[in-house]
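Values quoted throughout were computed directly from the atomic coordinates according to the rules given, and no laboratory measurement underlies them. Given the structure is predicted, the values throughout are model-derived calculations rather than measurements. Here the Cβ positions follow ideal geometry from the backbone for every residue, glycine too, while neighbour counts run over all protein chains shown.
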Amino acid sequence: MVKLTLNVVMAERNISSQELAAAIDITPANLSILKTGKAKAIRFSTLEKICRVLECQPGDILKYVADPTESEDE
Amino acid sequence: MLAMPKWVKFFTNLMIVIVQISILFAYVGFLWPLGYLYEGYHGDVAQAVLDSDDFLRYSAHHLTAGAMASFPGWPYVLLMAVGSAIWIGASIMFAKAMVKLLNNVVEEDYFSQNNIAAVKRLVVAQCYVVIGDFFLAGGNQLTSSWLRGYNNGAFSQTWTDTIDAIGLLIVLKVISVIYERAMTMKAENDLTV
């Protein structure tokens, strides 16, 4: 599964949720969905804005983690 | 989201009231199966069926005393009593699910787990309607075969009605599956940032 490590990058850049939400023009509620990992998908446009504001690469905020339940099924 | 036109809201509310009143009458309808059992208990079911105002005879056929005597009274009574009880219960279940669904529509709550549950209940209720129709069609087949006539009143279901009910069941199931899929898509859309 793909995990969002947005919290880590935000902490490194010392930027608050409200500031980031305002900068990338999304609601704090939607940013919270991203941060808590509830999001089912992320738009390229949102990813682009986050990368621009946080001055990072998509790979810095997205991480693939092997799902233990999936490997058990296989 | 588009607001529901006032006239649609009015007629939906009116429909809710009508369905709720019909639910009350349907509860009283549970006396009907008891009527069939009473008929069976008193015997001479064939004569009772023939005397009924709702029973219409095929004009060209002559009814013999042998046919009257061999009429399977208890199987008829049981098929009609069980069938009508299932049918009334299913109708109440269907109507209640419909009221829930219409209430949510009036409140403009189109996509919710409550609605999915209500649509699934409609499907289950229709399954019971099919079962009820099956019993009733069996009962009415007995009067048609032995007494050469047909029931023209309540619970006059025939095999054709049973097939129609199966058709409606398939349509409802398809709607239920599509609605559930739409809910999943909406949930995914809501969680796309």
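Treating only the Cβ of Lys, Arg, Asp and Glu as charged (+1, +1, -1, -1), what charge dipole size does the range B:81-175 show about its Cα centre? Round to the nearest 20 debye. It would help to have the intermediate numbers written out before the result.
Values: 6 positive and 6 negative charges, 47 e Å.
Charge dipole, the range B:81-175, about its Cα centre: 220 debye, nearest 20.
Here are some pairs, A:3/B:186; A:63/B:120; A:35/B:9; A:3/B:120; which of them have Cα atoms lying more than 31 Å apart in this structure? Provide the component values of the computation, followed by the final result.
Numbers: A:3/B:186 22 Å; A:63/B:120 39 Å; A:35/B:9 40 Å; A:3/B:120 35 Å.
Listed pairs above 31 Å: A:63/B:120; A:35/B:9; A:3/B:120.
So which aspartates and glutamates can residue A:38 reach, going by Cα to Cα under 14 Å and dropping same-chain residues fewer than 8 places off?
Candidates past the 8-residue exclusion: B:188, B:190.
Taking 8 Å as the Cα distance limit and 6 or more residues as the minimum spacing, I'd like the relative contact order of chain B as a percentage.
On the way: 211 pairs, mean separation 50.8, N = 193.
RCO, chain B: 26 percent.
Between residue A:12 and residue B:107, what FRET efficiency comes out of the Förster formula 1/(1 + (r/R0)^6) with R0 = 45 Å and r the beta carbon distance, rounded to 0.05? Walk me through the numbers on the way to the answer.
Values: r = 46 Å, r/R0 = 1.02.
Computed FRET efficiency for residue B:107 and residue A:12 comes out at 0.45.
Could you tell me how many degrees, from 0 to 90 and to the nearest 10, lie between the Cα long axis of helix B:6-28 and the main elongation axis, the longest principal axis, of the Cα atoms of chain B?
40 degrees
Only sites in a loop by DSSP and with at most 14 other Cβ atoms within 10 Å count here; which GluC sites (Glu not before Pro) in the range B:84-193 make the cut?
Values: sites: B:107, B:108, B:180, B:188; in loops: B:107, B:108.
Qualifying residues, ordered by number: B:107, B:108.
Say a site is exposed when it is one of the chymotrypsin sites (Phe, Trp or Tyr not before Pro), sits in a DSSP loop, and has at most 13 other Cβ atoms within 10 Å; what is then the longest site-free stretch of chain B?
Working: sites that count: B:30, B:58.
Longest gap between qualifying sites, sites excluded: B:59-193.
What's the angle, to the nearest 10 degrees (0 to 90), between helix B:73-106's Cα axis and the longest principal axis of chain B?
20 degrees
Given a Förster distance of 30 angstrom, what is the FRET efficiency for residue B:57 paired with residue B:173, based on the Cβ-Cβ distance and rounded to 0.05? Don't skip to the end; give the middle numbers.
Details: r = 39 Å, r/R0 = 1.31.
The pair residue B:57/residue B:173 has a calculated efficiency of 0.15.
Calculate, in nm to one decimal, what residue B:3 and residue B:154 gain on full extension: separation in residues at 0.36 nm each, minus their alpha carbon distance.
Going from the current span to full extension adds 50.3 nm.
Working from the alpha-carbon coordinates of the protein assembly as shown, get Rg over Rh, Rh being the Kirkwood radius. Display every interim value, and only then the final one.
Working: Rg = 30.5 Å, Rh = 24.0 Å.
Rg/Rh: 1.27.
What's the longest piece of chain A with no exposed trypsin sites (Lys or Arg not before Pro), counting a site as exposed if DSSP puts it in a loop and it has at most 16 other beta carbons within 10 Å?
On the way: sites that count: A:38, A:40, A:43.
Excluding the exposed sites themselves, the longest stretch runs over A:1-37.
When all alpha-carbon pairs of the range B:30-84 are counted, what percent fall beyond 12 Å? Write out the running numbers ahead of the final one.
Working: 1001 of 1485 pairs.
The share of Cα pairs beyond 12 Å in the range B:30-84 comes to 67 percent.
Given Cβ point charges of +1 (Lys, Arg) and -1 (Asp, Glu) and nothing else, what value in debye, to the nearest 20, does the dipole of chain A about its Cα centre take? Walk me through the intermediate numbers first.
Working: 9 positive and 11 negative charges, 80 e Å.
In total the dipole reaches around 380 debye.
Residue B:37 versus residue A:38, label points 7 Å from Cα toward the beta carbon: distance in nm?
5.2 nm
Any idea what the alpha-carbon Rg over 2.2 N^0.38 Å comes to for the range A:2-73?
Numbers: Rg = 12.9 Å, N = 72, 2.2 N^0.38 = 11.2 Å.
Against the compact-globule rule of thumb, the ratio is 1.15.
Between the helical axis of B:113-147 and the dominant principal axis of chain B, each derived from Cα atoms, what acute angle in degrees is found, rounded to the nearest 10?
In chain B, helix B:113-147 runs at an angle near 10 degrees to the longest axis.
With a ≥ b ≥ c taken as the square roots of the eigenvalues of the C-alpha gyration tensor of the range B:7-190, please select rounded if a/c is under 1.5 and otherwise prolate if a/b is larger than b/c or oblate if it is not? Walk me through the intermediate numbers first.
Values: a/c = 3.11, a/b = 2.45, b/c = 1.27.
Prolate is the answer for the range B:7-190, as a/c is 1.5 or above and a/b outweighs b/c.
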